[in-house]
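S.K.: Here's a structure for you.
The values are calculated or read from the model by the stated rules, or taken from the named source; none is laboratory data. Keep in mind that this is a model prediction, so the values were computed, not measured. FYI the Cβ positions are ideal-geometry reconstructions off the backbone, even for glycines, and counts take in every protein chain you see. Protein only, heavy atoms only, side chains kept; ligands, DNA and RNA dropped before computing areas. Shrake-Rupley method; radii C 1.70, N 1.55, O 1.52, S 1.80 Å.
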Amino acid sequence: MPETKQMPDKPFSFLVEKEAEGRSLLMNCAGVPYYPSIEDSELFMSKIIDAIIEVGSVTTVTLTSDRNYVYPSEQVEMLNEIARIYVKLVRQKEILSVKTLEIDKKRMPSRLAFVRKVVTEMLKADPVGAYVYTLRELRQQRVELEKAPIKDKQSFQAYISVLETILSELERTKLVKESREQLPGHMVGDRKIYREIFSPMIRPNFMYTRLMAEPPITGEEIDSYTIGTDEKSDVAIYRVPDKIQYIYHIMPPEFQLDQHEYSLLDEARQVLAKYKPKEKGFVDPQRMRTVFFNISRDLLDELAVSKGLKMDYDEIKRLAKILVRLTVGFGLVEVLLSDDKVEDIYINSPIGLTPIFVKHADYGECISNIIPNMRDAEAWASRFRLISGRALDEANPVMDTELIIPEVRARVAVVQQPLSPYGLSFAFRRHRQRPWTLPLFMENRMISPLGAGLLWFLVDGSRTMLIAGTRGSGKSSLLGALMIEIMRKFRIITIEDTLELPTTYLRRIGYDILPMKVRSAIIGSKAEMSASDGIRTSLRLGDSCLIIGEVRSTETIALYEAMRVGALANVVAGTIHGDSPYGVFDRVVNDLGVQTTSFKATDVIVVCNKVRSPDMMSEYRRVVEIAEVRKHWTEDPMRENGFVSLMKYNAKNDTLEPTKELIEGETDVIKSIAGNVREWAGNWDRVWENILLRSKVKNILMGYSKKNRFVIESDFVASANDQFHRIFNKLKEETGYPETKDVLYDFEKWMKLRIKSRSEQ
């Protein structure tokens, strides 16, 4: 973590630090017998403006005490304005000199005392009060001017001119403009006005990222919940008048510590800052975090004992996790990623001037109360370089990589100059820790039970499928869910340039899976294998299901070559950008260079998309079409009826519904599957019955999930799929061909025993 300059020990001493977003004024408030607050204290406001007068305009002001109280640029600019006015008025010697007022020697002392009080005392400590005080004095003098004898009018006019000069300067300030509605009846010295204008962000001494701790004054809380287990964070969602975005307000563990814990963390951070891990340590970030956690835990324990603090293991563990996050981790980004409802995190350049934005599953894009720091951003970028082994420099201004930390996986895009002219920016796409499943998608209405049953049938039928959709439509999540529908007896090979598919979790629950990482399609390292070579290599690794993270470049030609020659006997699936079957054809053939006839190797196209509410403020992910690609066309599948929809989204009913072609069996792809099964060949009723049976199995899982959430999670769904096949095979051997009711009876019986067994554990 970068070091700051040494703060002077004397109370109210200060220093100025240059940062990417400007100049930061840091004032030492430790030992001052007052709460550090510009809005509550004339003393602190006066000291800060004195400092600005001495060093010139600054961007942020930080009052350092037990915590850092950081005032952002828009508030500090108001103080800069007052400092400039003070310098200007003091330099106008006629304002404060005797000569201006000496024409009336009797009134001169009191007038001069008033002006000097306003300018040299009140202006810095209470500028709004100085304005009101001067305005009321001006009104009084104008009244007296009307009554004064002619010989005294010149004296009054000279004094009034001085007052008008002071007022005209103050009236142009943003501070007075924002206070104007509250000025009638204002009592000079009352600081209520400042409390509505100045609101510091709190930043612990041991970190750089700032936090707006107080919720928006005019905000209406519409939702709240707690995230985390060992380290709990409180989240609240606010609706603010005149703003279309919601406010995502989080109070992380770092900001909920008591004074002793703050002191311990600050001291421990200073010790750890001297330990510089070697670059090779970041190649295995999980091991690095484990090492730092052990060091942090022991260090905090020693410091607590030396200070006479009694802290149990759980308290030390909690602090150690925070320390790891702030030293070799990714700070408050990790806290945001721990929220299951956060889908995306955006950190825009120039970093430090705007808050972090999050995309919330329920409330869309929200403004958070966290403002990152350039020092943190540069440290994150360095870690991503080391973790990924990919370049990030002027020649390679974009980097795609992944972030894997305890309980969280995310895809990361980092952009820097010259592509991002104002410096670093980040985008994090959070992946669900446990993979999505078809029953989970059914619960969220993304797909209907029949749609889930049909896709399961197609996966078992070893078809080639492309999952199409726009960005953020759920393509990758649906592809991960389809991987769970693959029988665990088959080997799976995945090919990705950025690891997003849930391969680690699937391996953990018994899948035979080999992930392969290839060169980025945007800017990749020459040391990495290309996606085309990765696909060709997979063909030499035996009979396997092939899953392509995203089909987007020249590797598409290699993929279709493999499919055309029949080298891939099992299911092949991948994601691709496109909003319709023809859009996929257009992208594959016209953009990616695949031959028109080769495109026929695609059996099924599943289209995901976002649908919106009538006010256009809410959006929902839906599978909007499942279409087969027929083989009889020659040039244009749209004109020659090469695409046949098997299921289409009905917006009125908000569900995916079967088409006439599917219901009546006018589908080549399903007939092709049936033609390889003796009991199904030429018997559409049995085929349709099997698809319906699979949808009913998924519905049973959904029904039991209301009391047992785990039954629609990936590990249970995989076991349920295995059991379905075992039951079907057992009944087939006993009866020749199983009845649907018998399969469902045995399946539900197994479900009840499995749930009971789990509850007893």
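S.K.: So for the stretch 338-361 (the condition being at pLDDT 90 or above, part of a helix (DSSP H, G or I) and either in contact with a Leu (Cβ under 9 Å, 6 or more places away or on another chain) or of a type in the set (Ser, Thr, Tyr) (or both)), does at least one residue qualify?
M.R.: No, the conditions are met nowhere in the stretch 338-361.
S.K.: In the stretch 653-696, how many are farther than 19 Å from LEU482 by Cα, in contact with a helix residue (DSSP H, G or I) (Cβ under 7 Å, 6 or more places away or on another chain) and among the polar types (S, T, N, Q)?
M.R.: Total satisfying the criteria: 1.
S.K.: Which of the residues that make up the stretch 429-477 are part of a helix (DSSP H, G or I) and in contact with a Cys (Cβ under 6 Å, 6 or more places away or on another chain)?
M.R.: LYS475
S.K.: Please go through the stretch 606-640 and give me each residue that is hydrophobic (A, V, I, L, M, F, W, C) and under 20 Å from LEU440 (Cβ atoms), ordered by number.
M.R.: Residues satisfying the conditions are VAL606, VAL607, CYS608, VAL611, VAL623, VAL624, ILE626.
S.K.: Taking the condition of being open to solvent by 30 Å² or more (accessible area, probe 1.4 Å) and within 17 Å of LEU123 (Cα to Cα), how many residues in the stretch 179-191 meet it?
M.R.: Here the count works out to 5.
S.K.: A follow-up question, please. In the stretch 460-489, what residues are open to solvent by 30 Å² or more (accessible area, probe 1.4 Å) and either over 12 Å from VAL572 (Cβ atoms) or free of Cβ contacts under 8 Å to residues at least 60 places away in the same chain (or both)?
M.R.: ASP460, THR470, ARG471, SER476, SER477, MET487, ARG488, LYS489
S.K.: Being open to solvent by 20 Å² or more (accessible area, probe 1.4 Å) and in a strand (DSSP E or B) is the filter here, so list the residues in the stretch 403-417 that pass it.
M.R.: Hits for the stretch 403-417 are ILE404, ARG409, ARG411, ALA413, VAL415.
S.K.: Turning to a different aspect of this structure: Any idea how many residues of the stretch 353-401 are polar (S, T, N, Q), surrounded by 19 or more Cβ atoms within 10 Å (Cβ to Cβ) and touching a residue at least 40 places away in the same chain (Cβ under 8 Å)?
M.R.: Matching residues across the stretch 353-401 total 4.
S.K.: Another one. Test of understanding: among ARG429, ARG507, which residue is in contact with a helix residue (DSSP H, G or I) (Cβ under 9 Å, 6 or more places away or on another chain) and either modelled with pLDDT under 90 or open to solvent by 40 Å² or more (accessible area, probe 1.4 Å) (or both)?
M.R.: On inspection, the qualifying residue turns out to be ARG429.
S.K.: Hey, another quick one. For the stretch 123-130, state whether one or more residues are within 30 Å of GLU19 (Cα to Cα), at pLDDT below 85 and surrounded by 21 or more Cβ atoms within 10 Å (Cβ to Cβ).
M.R.: No: zero hits.
S.K.: Being touching a Phe, Trp or Tyr at 6+ places or on another chain (Cβ under 8 Å) and hydroxyl-bearing (Ser, Thr, Tyr) is true for just one of TYR208, TYR225, TYR194, TYR246. Which residue is that?
M.R.: The unique qualifying residue is TYR246.
S.K.: Do we have ARG678 as over 21 Å from ALA452 (Cβ atoms) and surrounded by fewer than 22 Cβ atoms within 10 Å (Cβ to Cβ) here?
M.R.: Criteria met by ARG678.
S.K.: Considering only the stretch 42-73, state which residues are open to solvent by 40 Å² or more (accessible area, probe 1.4 Å) and either on the phi > 0 side of the Ramachandran plot or modelled with pLDDT of 90 or more (or both).
M.R.: Of everything in the stretch 42-73, those that are open to solvent by 40 Å² or more (accessible area, probe 1.4 Å) and either on the phi > 0 side of the Ramachandran plot or modelled with pLDDT of 90 or more (or both) turn out to be GLU42, LEU43, LYS47, ASP50, ILE53, GLU54, VAL55, SER57.
S.K.: Same structure again: (1) open to solvent by less than 20 Å² (accessible area, probe 1.4 Å); (2) of a type in the set (A, V, I, L, M, F, W, C); (3) out of contact with any helix residue (DSSP H, G or I) (no Cβ under 6 Å at 6 or more places or on another chain): which one isn't true of LEU424, the others all being true?
M.R.: (3) is the only condition that LEU424 fails.
S.K.: Please work out which residue is farthest from the chain's Cα centre (by Cα), limiting yourself to the stretch 167-191 and to residues that are of a type in the set (S, T, N, Q) and part of a helix (DSSP H, G or I).
M.R.: Looking at residues that are of a type in the set (S, T, N, Q) and part of a helix (DSSP H, G or I), I get SER168.
S.K.: Something else now. Please go through the stretch 652-667 and pick out each residue that is in a helix (DSSP H, G or I) and surrounded by 15 or more Cβ atoms within 10 Å (Cβ to Cβ).
M.R.: Answer for the stretch 652-667, where residues must be in a helix (DSSP H, G or I) and surrounded by 15 or more Cβ atoms within 10 Å (Cβ to Cβ): GLU661, LEU662.
S.K.: Here is a further query. Only one of GLU550, GLU528 is open to solvent by less than 50 Å² (accessible area, probe 1.4 Å), modelled with pLDDT of 70 or more and in a loop (DSSP other than H, G, I, E, B); which?
M.R.: None of the others qualify; the one that does is GLU550.
S.K.: Looking at ILE673, ILE626, ILE605, ILE691 in this structure, which one is in contact with a Pro (Cβ under 6 Å, 6 or more places away or on another chain) and open to solvent by less than 40 Å² (accessible area, probe 1.4 Å)?
M.R.: When all the criteria are applied, what remains is ILE605.
S.K.: Can you name every residue in the stretch 294-352 that is within 21 Å of PRO204 (Cβ to Cβ), open to solvent by 30 Å² or more (accessible area, probe 1.4 Å) and among the basic types (Lys, Arg)?
M.R.: Matches in the stretch 294-352: ARG297, LYS307, LYS317, ARG318, LYS321.
S.K.: Can you tell me which residues in the stretch 696-715 are open to solvent by 10 Å² or more (accessible area, probe 1.4 Å) and part of a helix (DSSP H, G or I)?
M.R.: LYS696, ASN699, ILE700, MET702, GLY703, TYR704, ARG709, PHE710, ASP715, listed by residue number.
S.K.: Another one. Under 6 Å between Cβ atoms, which residue pairs at least 6 apart in sequence (or on different chains) link something in the stretch 222-233 that is without any contact (Cβ under 8 Å) to a residue 60 or more places away in the chain with a partner that is surrounded by 13 or more Cβ atoms within 10 Å (Cβ to Cβ) and assigned to a loop (DSSP other than H, G, I, E, B)?
M.R.: THR226/LYS232
S.K.: Go through the stretch 608-623 and report how many residues are touching a residue at least 40 places away in the same chain (Cβ under 8 Å), open to solvent by 60 Å² or more (accessible area, probe 1.4 Å) and not basic (Lys, Arg).
M.R.: 3
S.K.: Considering only residues that are under 23 Å from THR503 (Cβ atoms) and out of contact with any helix residue (DSSP H, G or I) (no Cβ under 7 Å at 6 or more places or on another chain), which ones fall in the stretch 697-726?
M.R.: Passing the criteria: GLU713, ASP715, SER719, ASN721, ASP722, HIS725.
S.K.: Now a separate question. Quick one: count up the residues across the stretch 311-370 that are basic (Lys, Arg) and in contact with a helix residue (DSSP H, G or I) (Cβ under 6 Å, 6 or more places away or on another chain).
M.R.: Residues that pass the stated criteria total 1.
S.K.: Within the stretch 290-301, is even one residue of a type in the set (D, E, K, R), under 27 Å from PRO355 (Cβ atoms) and assigned to a helix (DSSP H, G or I)?
M.R.: Within the stretch 290-301 (the criterion being of a type in the set (D, E, K, R), under 27 Å from PRO355 (Cβ atoms) and assigned to a helix (DSSP H, G or I)), the answer is no, since none of the residues qualifies.
S.K.: Considering only the stretch 601-630, state which residues are within 19 Å of VAL669 (Cβ to Cβ) and either of a type in the set (Ser, Thr, Tyr) or at pLDDT below 90 (or both).
M.R.: Listed by number, the residues that qualify are ALA601, THR602.
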